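Before we start, here is the structure in question, set down as structure tokens.
The values are calculated or read from the model by the stated rules, or taken from the named source; none is laboratory data. For clarity, every value in this text was computed on a predicted model and none was experimentally measured. Don't worry about glycine lacking a Cβ; one is built from the backbone with ideal geometry, like all the others, and counts go over all protein chains shown.
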Amino acid sequence: MNDDKRLWRKRLGDIGEALVMRYLTLCGWHLLRTKFRIGRSSEIDLVMRNPDGVTVFIEVKTRALSQINNQDWYESVSHTLNWRKQKKILSAARSYKVETADHSSEYRFDVVMLGLSSSLAAQLVRTVGESDVLHETECINIEASKMFAAKESEQVSLIHCESVFVTNF
């Protein structure tokens with residue numbers, strides 16, 4: 001994969017995480033941490049507390065799709081959450097719990113899949129890419145507000161899968 005494509009995918013992933021964070025915040029969730037990382041490869045995209053007080057570790061999968069077909073998309077994304085990825089998420093979650101002294105009585109591991117039409121994905125990557133770092137979040141918030149307010153179902157699909165894997169955490 002060339003560097004331009006890698007950068008585009010990384011930027012799209014970052015935008016997806018910001019959009020999901022904004023969406024969940026609008027739904028009453030509280031952000032605890034973004035991109036919690038241990039080592040080079042173990043990362044949790046979002047750590048949030050839901051309205052019921054459950055600490056939720058969230059893996060965000062963002063895809064630019066030529067056509068939003070939930071069944072095919074769900075299957076392709078679910079394959080990326082294999083046992084290796086689950087092990088890395090679990091390891092990072094344990095570290096988060098120790099590092100932050102979070103003693104919640106309940107924890108959950110969710111996956112949020114965000115599918116954007118190819119044109120909307122390109123527009124978001126271009127918009128965020130043209131802005132400086134200080135305005136990046138503001139641009140994403142504006143775009144997210146427009147998207148979710150307009151309910152552009154032909155351009156955006158969001159699937160929130162709760163408790164995707166069970167563990168004796």
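Does HIS135 fit the bill of being modelled with pLDDT under 75, in a helix (DSSP H, G or I), over 19 Å from MET48 (Cβ atoms) and over 18 Å from the mean Cα position of the chain (by Cα)?
Numbers: modelled with pLDDT under 75: yes; in a helix (DSSP H, G or I): yes; over 19 Å from MET48 (Cβ atoms): yes; over 18 Å from the mean Cα position of the chain (by Cα): yes.
For HIS135, the condition - modelled with pLDDT under 75, in a helix (DSSP H, G or I), over 19 Å from MET48 (Cβ atoms) and over 18 Å from the mean Cα position of the chain (by Cα) - is met.
Further, regarding this structure: Could you grab me the full set of residues in segment 85-104 that are of a type in the set (Gly, Ala, Ser) and either more than 21 Å from the chain's Cα centre (by Cα) or more than 17 Å from LEU31 (Cβ to Cβ) (or both)?
Within segment 85-104, SER91, SER95, ALA101, SER104 qualify.
Cβ-Cβ under 9 Å, sequence separation 6+ or interchain: first residue in segment 6-21 and in contact (Cβ under 8 Å) with a residue 40 or more places away in the chain, partner surrounded by fewer than 23 Cβ atoms within 10 Å (Cβ to Cβ) and of a type in the set (Phe, Trp, Tyr). Which pairs?
Final answer for the pair search is LEU19/PHE148.
Shifting gears a bit: Among the listed residues ARG33, ARG37, identify the single one that is crowded, with 16+ Cβ neighbours inside 10 Å, touching a residue at least 40 places away in the same chain (Cβ under 8 Å) and out of contact with any His (no Cβ under 9 Å at 6 or more places or on another chain). Give the steps one after another, and end with the answer.
Working: ARG37 fails: crowded, with 16+ Cβ neighbours inside 10 Å.
Of the residues listed, the single one that is crowded, with 16+ Cβ neighbours inside 10 Å, touching a residue at least 40 places away in the same chain (Cβ under 8 Å) and out of contact with any His (no Cβ under 9 Å at 6 or more places or on another chain) is ARG33.
Same structure, new question: Inside segment 1-70, counting only strands (runs of 3 or more DSSP E) that do not spill past its ends, which hold 3 or more residues that are under 20 Å from ALA121 (Cβ atoms)? Spell out the reasoning first.
Numbers: elements: 30-38, 42-49, 55-65.
Answer list for segment 1-70: 55-65.
Yes or no, residue by residue, for (1) modelled with pLDDT of 90 or more; (2) under 19 Å from VAL164 (Cα atoms); (3) not aromatic (Phe, Trp, Tyr):
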| residue | (1), (2), (3) |
| --- | --- |
| LEU19 | no, no, yes |
| LEU26 | no, no, yes |
| LEU32 | yes, no, yes |
| PHE57 | yes, yes, no |
| THR62 | no, yes, yes |
| SER76 | no, yes, yes |
| ALA93 | yes, yes, yes |
| ASP102 | no, no, yes |
| SER119 | no, no, yes |
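Can you name the number of the only condition in (1) among the polar types (S, T, N, Q); (2) part of a helix (DSSP H, G or I); (3) modelled with pLDDT under 65; (4) exposed (fewer than 15 other Cβ atoms within 10 Å of the Cβ) that ASN168 fails?
For ASN168, the exception is condition (2).
Among the residues of segment 98-118, count how many are over 10 Å from THR55 (Cα atoms) and of a type in the set (D, E, K, R). Reasoning before the result, please.
Going residue by residue through segment 98-118, those that are over 10 Å from THR55 (Cα atoms) are 98-101, 110-118.
After this cut, where a residue has to be of a type in the set (D, E, K, R) as well, the list is 99, 110.
The total comes to 2.
When only residues in segment 79-102 that are buried (at least 17 other Cβ atoms within 10 Å of the Cβ) and among the aliphatic types (A, V, I, L, M) count, which is farthest from GLU43 (Cα to Cα)?
This residue is LEU81.
Also: Restricting segment 2-30 to residues that are more than 18 Å from THR62 (Cα to Cα) and not polar (S, T, N, Q), which is surrounded by the most Cβ atoms within 10 Å (Cβ to Cβ)?
The selected residue is TRP29.
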